[in-house]
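Derivation of every value follows stated rules applied to the coordinates shown; laboratory data play no part. Predicted model, so just to flag it, every value in this text is computed and none were measured. Backbone-built Cβ (ideal geometry, glycine too); neighbour counts: all protein chains shown.
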């Protein structure tokens, strides 16, 4: 979607072509995008073209205004009268010497005709105030709220957060207000000078913008400052890019794998590198020692006496009972684990990383991979159990191939120690560590 710089580029293009001119005729091919009497602007002199946020305002004599919101893919093109009207050119404004075509593939754009230039939006993004930044919502959500701040979309919100070195999903500290204001002004004004961003299917008024070459995090694979792999999350329903090193004081790497995959051998290698290891299995073991846990599980499973081995056998055999235990344990374990985060690199060892949605708390995820056949052999040997018992345990977790697919990286633990060490070092180098 075009944001403030792209819309400003369109405004300047329109102004250069239609100012002090009149529309002689209007051909409408898709009327649902129009609100108000569009034909009322025919033969009215265009006195100005301005912008409010992402809205284009075309001023006509006699106090008439055309408010245009381009939405996802709305564009204006100057064409000759003789040029064929294309499939997605829904409105044709005919001037003396040219046509101005409104082109919109998605048909989300809107054109409003009104007797005033009012647009219900907040302060301009190039002039953000402290009051506009206040609130208990994530800073990116505030930046995207057009009723608070007009003109910022997904791309520039990510870039502004990076400039201020803040996480997009956190409430903005007061001491960062001025940095966000400064960053928004600098980034947007520079983008306007460069014609905005030309990415995917969007360009502004037929002009190829160049600010996409200046982006520091959005849509990138690596941070241009520190070289670390850019991470992604969802904020306010939008894909959000950030650098864990530059924008956070800590990095969280989720580590998972299948039963008997040899994850502990990888943990030992990570410990030697001085990383903070948070073992959720140890947290669970401590919880089992607490009287409150025993009482709660007695009620959940309707048992007079709770025994860990009984519960374990129960959940391996019964998916519904397994879900009951997970629904109780996961939130508690997650809260305790997150309280153990330190500055620097944190390895979050979570066997049920994806099942518990713990991956949403991680900047990167690593799966320690071992095929099921080898894992089963190791499990039977380690725990002295039968083939069917091993199958029950392995099948109680997400399939290892699915875990591998969901993870940012994987370490192959089936080819010996030398390969494991090399593979892990490659993964950490890929992250930027």
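Of the options (1) 20; (2) 30; (3) 37, only one is percent of Cα pairs over 42 Å apart as computed from these coordinates, and that is (3). Based on C-alpha pairs under 8 angstrom that are at least 6 apart in sequence, region 251-431 has a relative contact order of 38 percent.
Quick one: grab the alpha carbon gyration tensor of region 248-364, order the square roots of its eigenvalues as a ≥ b ≥ c, and give me rounded if a/c is under 1.5, else prolate or oblate depending on whether a/b is larger than b/c. Taking the square roots of the gyration eigenvalues as a ≥ b ≥ c, region 248-364 is prolate. For region 4-114, relative contact order (Cα pairs under 8 Å, six or more residues apart, normalised by length) works out to 30 percent.
With all projection directions averaged, the alpha carbon convex hull of region 382-433 covers 4.9 nm². Taking label positions 7 Å along the Cα-Cβ direction at both residue 319 and residue 282, the computed distance is 3.4 nm, reported to one decimal. Among 314, 167, 401, a tally of other beta-carbon atoms within 10 Å of each Cβ gives an order, fewest to most, of 401, 314, 167. Summarising the strand pairing of the chain, around 65 percent of its internal DSSP beta bridges are antiparallel. Here the calculated FRET efficiency for residue 179 and residue 220, from their Cβ-Cβ distance with R0 = 22 Å, stands at 0.60, rounded to the nearest 0.05. Top mean-square fluctuation among 11, 350, 306, Gaussian network model of the chain, C-alpha springs under 10 Å? Among 11, 350, 306, the largest GNM mean-square fluctuation belongs to 306. Among 356, 191, 388, the largest mean-square fluctuation in a Gaussian network model of the chain (Cα springs under 10 Å) belongs to 388. According to a simple spin-label model (label point 7 Å from Cα along Cα-to-Cβ), what is the distance in nm between residue 115 and residue 433? Result: 6.7 nm between the two label points. With a/c under 1.5 counting as rounded, go ahead and sort region 116-268 into rounded, prolate or oblate using the C-alpha gyration tensor (a ≥ b ≥ c being the square roots of the eigenvalues; past the cut-off, prolate if a/b is larger than b/c, else oblate). The shape class here is prolate.
The length gained by stretching the chain between residue 170 and residue 213 to full extension, at 0.36 nm per residue less their Cα-Cα distance, is 12.8 nm.
Taking only Cα atoms and a 10 Å spring cutoff, compute GNM fluctuations for the chain and point out the largest among 363, 37, 48. Largest GNM mean-square fluctuation: 37. Cβ-to-Cβ counts within 10 Å put 72, 348 in ascending order as 72, 348, the fewest first. Exposure proxy shown here: for 10, 411, the number of other Cβ atoms within 10 Å sets the order, fewest to most, as 10, 411.
A simple spin-label model places pseudo-atoms 7 Å from Cα toward Cβ; at residue 382 and residue 40 they are separated by 7.5 nm. Contact order for the chain, expressed relative to its length and based on alpha carbon pairs under 8 Å spaced 6+ residues apart, stands at 13 percent.
Over the chain, DSSP H runs of length four or greater, each weighted -39,500 (n - 2.57), average out per residue to a 222 nm ellipticity of -11000 deg cm²/dmol.
Using 0.36 nm per residue and subtracting the Cα-Cα separation, the extra length available between residue 136 and residue 96 on full extension is 9.1 nm. Is region 64-131 rounded, prolate or oblate when judged by the Cα gyration tensor, a ≥ b ≥ c being the square roots of its eigenvalues, rounded requiring a/c under 1.5 and prolate requiring a/b larger than b/c? Prolate shape, in that a/c is at least 1.5 and a/b is the bigger ratio. With angles folded into 0 to 90 degrees, how steeply does helix 319-339 sit against the dominant principal axis of the chain? Use alpha carbons for both and round to 10. Helix 319-339 sits roughly 70 degrees off the main axis of the chain.
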